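Below: one structure, written as structure tokens.
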Ligand code: G6P
């Protein structure tokens, strides 16, 4: 088994035990690194006033954690700039928010080149390299020009946009060409893959053959769909254990037998949070029996707070949630509990378990693991109902959910009402089929499918 090298902007904590906040993905990657031996390479999360230093190295068991600090200019241009003010909004279909600047593009190129340069001396000839997400689309091209011949795979955790959206990016061709230096590209859904193939055929003049083979820019590679999963069993167990915990008991006591609708999201404009609150408002207006009897708990840890669009969405959400509470609250009941902080996964699992409805309504989402975690956390005897946006990748697999269009806030309110009043048998049937899906395709299966495909796939060039 060859050694594994994982590259991601955020690197899992250099610890042998699992930190409480760590998600299933980090745990699954660490397990593979531990088993095969390997390196986890990426940004340290620190911004230096001065210039770069050499990567910091930490050895834990079979894993070397190698992390690099960014200087202020590269943080601004690469992370805040091109990654999160250009690629993120564009790939989530927010052309109105995407900024196009040669300066941040140069920063993105600089950081990709620098990371490749720092990674190369750590590599062995037989390593398998797995790069994650939109921060490092140029990495393989940089490594190839430095002479790297190892197997190189890339998984995109966010959506791949349709051709007319991507074509608005002035440097779309450079990015797709650089991606073609990988041996294997992984996408979340078939729709993402089709959009990529469409670009290859119509814009790059390339070919899409059988078995995911792509020929473009003088290179041969594979592109396939690998829908990511969660650590289903572990999360289900956490949910059961957490049910009797102090926090969950406190929550239940405070609900006083009212039904709970739960939303858990990073504070991001792609998550459809304003529309979600408005949908809840429609629920209270259209179905007034819910007043005093339902509570909507929205847990929203702040994210990328120094990017201005995130500041704007935060203000807008505060205003909208405040307005709805101001309109409907009574002295003994508040409709929305809007929390700007994070909880451990264990506590979240317990909160999911005692919720009647999981409300997941992004405008666009690569997969949305919260939807899958909600399913994993339910009890088979009395499961809650998932209300899920058709624009989340998870909607392809979770056909037992009530699928909604998040832009249609009145439609979401109708489905919320249906969820709140759904008979037990229907809830059980829907949950069974969803649980089956998240149990079969969990995060370990996803990881192994990708690594197997990378192993099998022929070397590019
Ligand atoms: C999304 C991205 C990840 C990213 C995470 C948190 O899930 O796909 O790559 O790490 O958001 O965002 P942050 O900017 O804080 O890393």
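Every read-out reported here was derived from the displayed coordinates using simple, explicitly stated rules and does not represent laboratory data. Just so we're clear, the structure is a prediction, and the values are computed from it rather than from any experiment. When we count neighbours, we look across all protein chains shown, and the Cβ atoms used for this are built from the backbone with ideal geometry, even at glycine.
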The helix 232-242 Cα axis meets the longest alpha-carbon principal axis of the chain at an angle in degrees, between 0 and 90 and rounded to 10, of 40 degrees
At 37 °C in a medium of viscosity 0.692 mPa s, the stretch 355-461 has a Stokes-Einstein diffusion coefficient, with Rh taken as the Kirkwood radius over alpha carbon pairs, in µm² per second, of 222 µm²/s
For the stretch 232-440, the percent of all C-alpha pairs falling in each 5 Å bin, from 0 up to the bin holding the max distance, is 1, 8, 16, 21, 22, 18, 10, 3, 1, 0
Working note, the stretch 32-122: Cα radius of gyration (Å, one decimal) and Dmax (Å, whole number) are 15.3, 46
One checks the Cα atoms of the chain and finds Rg and Dmax, in Å, of 22.4, 69
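If we count other beta carbons within 10 Å of each Cβ, what is the order of 46, 271, 215, 425, fewest first?
425, 46, 215, 271
Calculate, in nm to one decimal, what residue 436 and residue 418 gain on full extension: separation in residues at 0.36 nm each, minus their alpha carbon distance. Before the final figure, lay out each step's value.
On the way: separation 18, 0.36 × 18 = 6.48 nm, distance 2.27 nm.
Length gained, residue 436 through residue 418: 4.2 nm.
Kirkwood hydrodynamic radius for the stretch 232-272: how many Å is it when counted over pairs of different Cα atoms? Write down the numbers at each step before the final one.
Values: mean 1/r = 0.0802 Å⁻¹.
About 12.5 Å for the stretch 232-272.
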The ratio Rg/Rh over the Cα atoms of the stretch 1-156, Rh being the Kirkwood inverse mean 1/r radius, stands at 0.97
Taking Cα atoms, the helix 443-456 axis meets the longest principal axis of the chain at an angle in degrees (rounded to 10) of 20 degrees
Relative contact order in percent for the stretch 232-440 (Cα pairs under 8 Å, 6+ apart) equals 26 percent
Dividing the helical contributions, -39500 (n - 2.57) per DSSP H run of n ≥ 4, by the residues of the chain yields a 222 nm value, nearest 500 deg cm²/dmol, of -12000 deg cm²/dmol
Note on the chain: contact order normalised by length, alpha-carbon pairs under 8 Å, 6 or more apart, percent, works out to 15 percent
Share (percent) of C-alpha pair distances in the stretch 237-361 greater than 19 Å works out to 49 percent
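Using a Förster distance of 35 Å, how high is the FRET efficiency between residue 303 and residue 233, based on the Cβ-Cβ distance and rounded to 0.05? Don't skip to the answer; put the middle values down first.
Working: r = 28 Å, r/R0 = 0.80.
So, using R0 = 35 Å, E works out to roughly 0.80.
Rounded to two decimal places and with Rh computed the Kirkwood way over Cα pairs, what is Rg over Rh for the stretch 85-232?
Numbers: Rg = 15.0 Å, Rh = 15.8 Å.
Rg/Rh: 0.95.
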Looks like the stretch 179-313, by Cα gyration tensor root eigenvalues a ≥ b ≥ c and the a/c under 1.5 rounded cutoff (else prolate when a/b is bigger than b/c, oblate otherwise), is prolate
Cβ density ranking, 10 Å radius, fewest first, applied to 342, 85 yields 342, 85
Using alpha carbon positions and the Kirkwood radius, the Rg to Rh ratio of the stretch 120-205 is 0.99
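Would you mind calculating the gained length between residue 110 and residue 448 on full extension (0.36 nm times residue separation, minus the Cα-Cα distance), in nm to one decimal?
Working: separation 338, 0.36 × 338 = 121.68 nm, distance 3.20 nm.
Full-extension gain reported as 118.5 nm.
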The extension gain from residue 202 to residue 174, computed as 0.36 nm times the residue separation minus the Cα-Cα distance, is 8.5 nm
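Could you line up 270, 344 from fewest to most neighbouring Cβ atoms inside 10 Å? Can you show the working numbers first?
On the way: 270 23, 344 15.
With the fewest neighbours first, 270, 344 line up as 344, 270.
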At R0 = 22 Å the Cβ-Cβ FRET efficiency linking residue 53 and residue 145, nearest 0.05, sits at 0.35
To the nearest 10 degrees, the tilt of helix 102-119 (Cα long axis) against the first principal axis of the alpha carbons of the chain is 70 degrees
